[in-house]
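Engineer: Handing you this structure, nothing more for now.
The values are calculated or read from the model by the stated rules, or taken from the named source; none is laboratory data. Being a predicted model, the structure only gives us computed values, none of them experimental. Every residue, glycine among them, receives a Cβ derived from its backbone with ideal geometry; neighbour counts consider all protein chains shown.
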Amino acid sequence: MATETILMAIALVFGLYMAWSIGANDVANAMATSVGSGALTLKRAVIVAAVLEFSGAVLVGTHVSETVRQGIISPEVFKSTPMLLVYGMIAALLAAGIWLQLASYFGLPVSTTHSIVGSIIGFGIVIAGIESVHWHKVAEIVSSWVISPLLSGTIAYLIFRLIRKRIFLSQHPVKATKKLTPYLVFFVFMILTLVMVFKGLKNLRLDLSFSAALLVAGIVGSIAAVLSSWLVAKVKVEALPERMRKFQSPKVIKNIEKSIRNLGKAEKFAEGDVEGMIITVKNDLQVISKSLGKGEEIDQSIDDYHGVEKIFIYLQILSAAFVAFAHGANDVANAVGPLAAVITVLKSGIVSMKSQVPLWILALGGVGIVFGLATWGWRVIETIGKKITELTPTRGFSAEFATATTIVFASKLGLPISTTHTLVGAVLGVGLARGISALNLRTVRDIILSWLITIPVGAVLAIIFYFILKSIF
């Protein structure tokens with residue numbers, strides 16, 4: 001009895017530690033772009049995320065958890081030796097928590113789900129052999145390293161290119177923003193409502209069909225669009241200076257570049273004085289094109305464009321809030337799932353396929369996530385928000401919206417994704433929309449390497465801690 005009590009206490013401590021590590025690393029998924037773009041200060045982001053993450057975890061967090069998450073190893077393996085599952089799950093919580101803390105220390109965004117899965121693989125191999133692991137499930141997880149960032153990066157790239165073309169390269173950017181905002185709001189709220197139904201509220205088992213969910217999302221989006229058209233009209237911005245009203249049409253730049261290409265082709269066939277005149281004209285056009293391009297970059301960064309960014313701040317904060325709530329509801333299971341499995345075995349002595357998760361455990365997980373965000377969350381937030389590429393509210397919005405859209409698509413298509421990988425991919429896509437030079441490739445390299453070693457590191461650490469626990473108890 002004393003042994004069971006000690007193991008219960010250890011499991012609770014390690015479960016809280018795992019939740020703290022999730023908060024330190026994973027909550028950046030919701031708030032990093034908002035902080036990096038300046039839409040929210042770090043303090044305000046922590047407050048907003050704390051309220052929404054805790055609410056999501058407690059109000060709609062999973063009350064029934066799979067004994068061994070993701071179907072990596074069948075619980076049947078532990079039927080005759082339930083205490084081995086206890087040692088393994090406690091070891092997995094500690095192993096995943098340590099790896100997440102280490103990654104957070106260096107500001108590296110890694111997947112909490114992959115961390116706990118790697119840990120479960122580790123002790124599962126030790127207990128039941130390598131053949132007990134469902135490797136096709138592991139292959140699906142590995143495939144998400146490519147699927148998640150590629151899909152979200154492509155969507156983010158396209159969204160930001162659309163905003164750039166329709167707003168920043170228009171004659172009247174602020175007017176264009178106000179005109180485009182209701183349409184953006186419609187799609188934003190529609191997508192985020194679907195995220196909430198399929199990811200944040202899935203534990204309520206609403207059992208809505210996709211058509212029904214789409215109808216609800218469409219109604220929410222329409223109401224939000226109507227309200228936004230009224231609200232955005234009230235957003236006051238400073239008048240644009242004279243030089244901005246005389247800003248050249250993008251068609252001018254486009255046609256000049258086309259002329260340069262055509263002159264280059266003509267130059268190959270021209271001879272004598274004609275060739276020299278073509279070269280002179282081409283050089284003059286290149287100078288004009290370069291000056292227009294330089295002027296475009298200068299004009300886009302002046303204070304008057306804060307009017308455009310000001311409108312997008314509200315859209316970005318809303319999208320971040322939705323993602324934070326959905327994250328708290330969904331990913332708290334990475335901490336409380338193994339903990340619930342341990343408690344079930346210690347109380348009943350039986351390994352079941354599903355474990356009930358009491359409300360107080362969900363609250364414990366929520367508290368741990370919030371505390372982790374408040375103490376160490378800034379490290380990963382800084383990496384995603386500032387070190388990959390420079391973010392503004394429009395760029396941050398593009399990344400958040402692409403992340404939410406990818407989550408919806410992947411959920412309905414059954415594609416394995418990681419929220420962390422999805423957001424990082426979206427930020428990369430926004431950066432690529434401005435050219436490869438806009439990315440910090442060294443940071444990108446470090447992040448990808450951390451993804452690759454997450455599962456092996458979790459497995460090795462879990463094996464070590466499993467043998468230590470088994471030798472003690």
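Engineer: Identify, from the list Leu150, Leu158, the residue that is modelled with pLDDT of 90 or more and out of contact with any helix residue (DSSP H, G or I) (no Cβ under 7 Å at 6 or more places or on another chain).
Structural biologist: None of the others qualify; the one that does is Leu158.
Engineer: Here's another thing I want to ask about it. Considering only residues that are within 15 Å of the chain's Cα centre (by Cα) and not small (Gly, Ala, Ser), which ones fall in the range 1-60?
Structural biologist: Ile22, Asn25, Asp26, Val27, Asn29, Met31, Thr33, Val35, Glu53
For every residue, the table says whether it meets (1) in contact (Cβ under 8 Å) with a residue 24 or more places away in the chain; (2) surrounded by 24 or more Cβ atoms within 10 Å (Cβ to Cβ); (3) farther than 25 Å from Met89 by Cβ.
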position: Ala329; (1), (2), (3): yes, yes, no
position: Gln356; (1), (2), (3): yes, no, no
position: Gly365; (1), (2), (3): yes, yes, no
position: Lys387; (1), (2), (3): yes, no, yes
position: Phe397; (1), (2), (3): yes, yes, yes
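Engineer: While we're on this one: Those residues that are assigned to a helix (DSSP H, G or I), among the aliphatic types (A, V, I, L, M) and buried (at least 24 other Cβ atoms within 10 Å of the Cβ), I need them from the range 1-42; list them, please.
Structural biologist: First, the residues of the range 1-42 that are assigned to a helix (DSSP H, G or I): 2-25, 28-37, 42.
Cutting the leftovers down to among the aliphatic types (A, V, I, L, M) gives us 2, 6-13, 16, 18-19, 22, 24, 28, 30-32, 35, 42.
Across the range 1-42, the qualifying residues are Met18, Ala19, Ile22, Ala24, Ala28, Ala30, Met31, Ala32, Val35.
Engineer: Pairs needed: first member in the range 1-27, within 25 Å of His421 (Cβ to Cβ); second member anywhere, of a type in the set (Lys, Arg); C-beta distance under 8 Å; at least 6 residues apart or different chains.
Structural biologist: Listed by first residue and then by second, the contacts come to Ala24/Arg379.
Engineer: What is the residue count in the range 380-429 for residues that are within 23 Å of Ile311 (Cβ to Cβ) and in a loop (DSSP other than H, G, I, E, B)?
Structural biologist: 4
Engineer: In the range 436-445, is there at least one residue being of a type outside the set (A, V, I, L, M), crowded, with 23+ Cβ neighbours inside 10 Å and in the same structural domain as Phe168 (by TED's automatic domain parsing)?
Structural biologist: No, the range 436-445 contains no residue that is of a type outside the set (A, V, I, L, M), crowded, with 23+ Cβ neighbours inside 10 Å and in the same structural domain as Phe168 (by TED's automatic domain parsing).
Engineer: Within the range 220-258, which residues are small (Gly, Ala, Ser) and at pLDDT 60 or above?
Structural biologist: Gly221, Ser222, Ala224, Ala225, Ser228, Ser229, Ala233, Ser249
Engineer: Can we say Leu452 is within 17 Å of Val117 (Cα to Cα) and modelled with pLDDT of 95 or more?
Structural biologist: For Leu452, the condition - within 17 Å of Val117 (Cα to Cα) and modelled with pLDDT of 95 or more - is not met.
Engineer: Considering every residue within the range 128-141, establish whether at least one is surrounded by 24 or more Cβ atoms within 10 Å (Cβ to Cβ) and touching a residue at least 60 places away in the same chain (Cβ under 8 Å).
Structural biologist: no
Engineer: Now for a different question. Of the residues Val133, Val142, which single one is at pLDDT below 90 and over 26 Å from the mean Cα position of the chain (by Cα)?
Structural biologist: After applying the criteria, what remains is Val133.
Here's the yes/no breakdown for (1) at pLDDT 85 or above; (2) among the aliphatic types (A, V, I, L, M); (3) more than 30 Å from Phe160 (Cβ to Cβ); (4) assigned to a helix (DSSP H, G or I):
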residue	(1), (2), (3), (4)
Ile279	no, yes, yes, yes
Glu297	no, no, no, yes
Asp304	no, no, no, yes
Leu315	no, yes, no, yes
Asn330	no, no, no, yes
Val342	yes, yes, yes, yes
Val351	no, yes, yes, no
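Engineer: Right, something else. Can you find even one residue in the range 454-463 that is over 30 Å from Leu7 (Cβ atoms) and either in the same structural domain as Ala95 (by TED's automatic domain parsing) or in contact with a helix residue (DSSP H, G or I) (Cβ under 9 Å, 6 or more places away or on another chain) (or both)?
Structural biologist: Taking the range 454-463 and keeping what is over 30 Å from Leu7 (Cβ atoms), we get none.
No, because not a single residue in the range 454-463 is over 30 Å from Leu7 (Cβ atoms) and either in the same structural domain as Ala95 (by TED's automatic domain parsing) or in contact with a helix residue (DSSP H, G or I) (Cβ under 9 Å, 6 or more places away or on another chain) (or both).
Engineer: Another question about this same structure. Do you know which residues across the range 217-234 are buried (at least 17 other Cβ atoms within 10 Å of the Cβ) and among the aliphatic types (A, V, I, L, M)? Outline the logic, then answer.
Structural biologist: Initial filter on the range 217-234 (buried (at least 17 other Cβ atoms within 10 Å of the Cβ)): 217, 220-221, 224-225, 228, 232.
Scanning the range 217-234 gives Ala217, Val220, Ala224, Ala225, Val232.
Engineer: To continue, here is another question. For Leu215, are the conditions met, namely being closer than 22 Å to Ala410 by Cβ and modelled with pLDDT of 85 or more? Show your work before the answer.
Structural biologist: Working: closer than 22 Å to Ala410 by Cβ: yes; modelled with pLDDT of 85 or more: yes.
In short, yes.
Engineer: Follow-up. Of all the residues that make up the range 167-181, how many are surrounded by fewer than 16 Cβ atoms within 10 Å (Cβ to Cβ) and either part of a helix (DSSP H, G or I) or of a type in the set (D, E, K, R) (or both)?
Structural biologist: Qualifying residue count for the region: 2.
Engineer: A further question follows. Kindly provide the set of residues from the range 310-336 that are β-branched (Val, Ile, Thr) and within 15 Å of Ile407 (Cα to Cα), ordered by number.
Structural biologist: Scanning the range 310-336 gives a single hit, Val323.
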